[in-house]
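In what follows, a structure is listed as structure tokens, so that the remarks can point back to it.
The values are calculated or read from the model by the stated rules, or taken from the named source; none is laboratory data. Everything numeric in this text was worked out from a predicted model, so none of it was measured. Because the Cβ atoms are built from the backbone with ideal geometry, glycine has one as well, and the counts that use them run over all protein chains shown. Ligands, DNA and RNA are excluded from the accessible area calculation, which covers all protein heavy atoms including side chains. Shrake-Rupley method; radii C 1.70, N 1.55, O 1.52, S 1.80 Å.
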Amino acid sequence: MALLEVKDLKVRVEEREILHGLTMTVNEGEIHAIMGPNGSGKSTLSHVIAGKPGYEVTDGQILFKGEDLLEMAPEERAAKGVFLAFQYPVEIPGVTTMNFLRTALNAQRKARGESELMVPDFLKKVREVSKSLNIPQDMLKRGVNVGFSGGEKKRNEVLQMALFEPSLCILDEMDSGLDIDALRIAADGVNALHSPKRAMVVITHYQRLLNYIVPDIVHVMSKGRVVKSGGKELALELEASGYAQFEDAA
Amino acid sequence: MNVAVAKTGNGRAVSDLFASAEGRLPGSPAVVAVRREAFETYERLGLPHRRIEEWKYTDLRALVGEVLSLAASPDVAALKRAAEAVKANAIEGARKLVLVDGVFAADLSDVKALAAEVGFKTLREALEKDAGLLKTASTDAVIALNAAMATDGVVLDIAAGTQLSAPIQIIHVATASSAAAFTRSQVAIGKGVRATIIETFVAAGAKAYQVNDAVIVTVGDDSDVAHIRLMDDAADAVNITSQFVTIGANVKFNVFNMTTGAAVSRLQGFITLAGEGSELSANGVNLLQKTEHGDTTLVVDHAVPNCVSREVFRAVIDDRAHSVFQGRIIVRPDAQKTDGKMMTRALLLSDEAEADNKPELEIFADDVSCGHGATAGALDESLLFYLKARGLPEKQAQALLIQAFVGEAIEQIADDGLREHVIGIAERWLERRQ
């Protein structure tokens, strides 16, 4: 079943068109990779799906589980099951990770008409997931991402993904700034979350990440459009020949 | 210039006020003489206005206009209302001293428990003997007015070596609308004392009232004292409070002020480090909305060498509210090796909110480390989006970031229970916003 349908999407930032009619469909259980050179519009797409302000959609639509995503506030999208793992997770001094996780989870549950998660259940869950992601307990008592290394910040994003149980996870350049070991831990965390109902969209510059998170479908973006889609072998092809061949195609 | 300005309707109104109140003001003949002199000082100066440098941002003539007449002594019904407010605002485990409309309310206070550890009198009682209680070195008009009009207060004497087993909470309750209360308290702390003093200002149904409070604190050597003031007066009230603190040697003094109420408020603190080796931590939070005007003015005077002072101040300003922070650090010529730092930050939640930050360093010694910083800005959009992308609605995301912002000042309160109490007041303010 189609989870995410992007149809002929055109997006502007300050009078400049970044996406010129982008179309793609992500079905339940699929892992998609979006690759492309800098400035091709990969991150813009992820921001528009999450509802970041500053982007003007001039044409096209985005449907999530058949509903118009662009009509929803960012927090409604989160409650419906859209999760963006940020390329650069922000630091929030003075808000402990634990408090943030509980507040966010309960806000989502409330929006869905569910009861608040009881504290012991919540703590148990956080402990389990953070252990599997190699996140020390004392990190959870510190301000959100304050003093975290690049790898720790990305693992904190994966921790949230595991707790919030979204149906669509968009990973924006998850590999940037990570060494191999950090990348492996984060990727293992992501793979553990893969399920027949949950889809992943992995945005990346390099093929490297796709050795760890193996996609079903690879899209190549250039100049604000998807210029080619194919199987996982397309990523290897790109690694060998580079993006230049697609610059002209766009 | 000032003389001409002082001869306005304001001065005459006070004159009538003083004459009509004089019969109700306690004190010996010597006290009456001090009051008259203070009143004459006030009459000459009138309410402070913007041409007086210290009051530049808080023009009481424009903001307040006139001083209201003295509140009547509370009757049985008023005391009953006050009892409810006391119950709602009492800090668990603290020993309460309650002033209702400027008059000490023994039945609402824990005098008996307190007297076992601390010398206690009301100002009314103390003024029978000691006219000095109304004297301060200040020439400020509102302080002179306080000396002239003070009806009551608490006078505490904490003997050397006392380790208070419970905090003392002085609760000011207003029950009378459109009237003024004048209170003055004194806390004399001996050597080697450990104490926590809390002052709470609240309303019990009163509207449009005025509070003018003064508190004089002296701290003996080797003491460890926390002084916390929580001003949550009615939204249309006026609260002007003056604090005078003199600190001895090797003292740890931690003062925290929070403003969450009153249409017009000013806390002016004058803190003198008079003994070497002491550490002062002076912190505060203003939470302002609608058209509220909240002024925190702190003068920290390093009179001797080798003291440390730290000031952390946070203001959160919504709607058309106006926050003022004036922080002056004075380092006297002898006060070498002074380490004084001050940081003030304002968070503006609306385009019409206003913050005035005025840090001043007056340094007369040459071997010191002093600094100040001031910022004003809006909530960080990238942090807000991150929280919203995780499911928090706008107001809730704002509330979380505001709590974090003021947390930097609130976390300076060492006691866990007190800190939680203060966080609770901030949370209620945030709920009122939503």
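Nonpolar atom fraction for chain B, defined as the carbon and sulfur part of the 1.4 Å probe accessible area, stands at 50 percent.
In this rough spin-label picture, where each label sits 7 Å from Cα along the Cβ direction, the B:Ala414-B:Glu37 distance is 3.9 nm. The listed residues B:Ser265, B:Ser177, A:Ser115, once ranked by accessible area (1.4 Å probe) with the largest placed first, stand as A:Ser115, B:Ser177, B:Ser265. Using the average count of surrounding beta-carbon atoms within 10 Å as a protection proxy, the listed peptides A:149-161, B:328-340, A:118-130 rank, highest first, as A:149-161, B:328-340, A:118-130. Near B:Ala376, the amide H atoms lying under 5 Å from its own belong to B:Ala346; only residues 5 or more places off or on other chains count, and H is placed 1.01 Å from N.
In Å² (nearest 100), what accessible area is buried between B and A, both sides summed, heavy protein atoms only, 1.4 Å probe? Its buried surface, counting both partners, is about 1800 Å².
A 1.4 Å probe run over the protein chains yields, for chain A, 44 Å² of accessible area per residue, whole-number rounding. Subtracting the Cα-Cα distance of B:Ser138 and B:Asp334 from their residue separation scaled by 0.36 nm leaves 68.3 nm.
Counting Cβ atoms of other protein chains within 10 Å of each Cβ in B:391-400 and taking the mean gives 6. For the stretch B:232-310, the residue among B:Thr241, B:Gly261, B:Gly277 whose Cα projects farthest onto the positive side of the dipole built from Cβ charges is B:Gly277.
In this structure the amide hydrogen of A:Val226, modeled in the peptide plane, comes within under 5 Å of the amide hydrogens of A:Thr23, none closer than 5 places in sequence on its chain.
Given the pairs A:Lys80/A:Lys154; B:Lys96/B:Lys191; B:Lys96/B:Lys252; A:Lys7/A:Lys197; A:Lys7/A:Lys65; B:Lys252/B:Lys358, which span a C-alpha to C-alpha distance of over 18 angstrom in this model? Table pairs above 18 Å Cα-Cα are A:Lys80/A:Lys154; B:Lys96/B:Lys191; B:Lys96/B:Lys252; A:Lys7/A:Lys197; B:Lys252/B:Lys358. Inter-label distance, B:Ser28 to A:Val90: 6.4 nm, where each label sits 7 Å from its Cα along the C-beta direction. Close amide H partners of B:Val324, meaning residues 5 or more places away or on another chain with modelled amide H under 5 Å apart, are B:Gly294, B:Asp295, B:Thr296, B:Asp356.
When peptides B:282-289, A:76-83 are sorted by average Cβ neighbour count within 10 Å, with the highest value leading, the order is B:282-289, A:76-83. Taking the 0 to 90 degree range and rounding to the nearest ten, how far is the long axis of helix A:150-164 tilted relative to the main principal axis of chain A, both from C-alpha atoms? Approximately 80 degrees, to the nearest 10.
For peptide A:89-96, the mean count of partner chain Cβ atoms within 10 Å of a residue's Cβ comes to 5.
Projected label points at B:Glu394 and B:Ala62, each 7 Å from Cα along the beta carbon direction, are separated by 3.1 nanometres. Taking a ≥ b ≥ c as the square roots of the eigenvalues of the Cα gyration tensor, the stretch B:72-378 is classed as oblate, since a/c reaches at least 1.5 and a/b does not exceed b/c. What the stretch B:199-253 shows is 24 Å² of accessible area per residue, with the surface traced by a 1.4 Å probe over protein heavy atoms.
Averaging the Cα positions of each part gives two centres, and for the stretch B:225-270 and the stretch A:89-146 these lie 36 Å apart.
For the stretch A:34-55, a reduction of at least 40 Å² in accessible area between the chain on its own and the assembled protein chains (probe 1.4 Å) is found at no residue. Taken one residue at a time, the phi angles of the stretch B:54-64 give Karplus couplings (6.51, -1.76, 1.60, θ = phi - 60°) of 5, 10, 3, 8, 10, 7, 5, 5, 6, 7, 10 Hz. Gly and Pro are set to x.
In this calculation the C-beta distance from A:Lys197 to B:Asp75 is compared with R0 = 56 Å, giving a FRET efficiency of 0.20.
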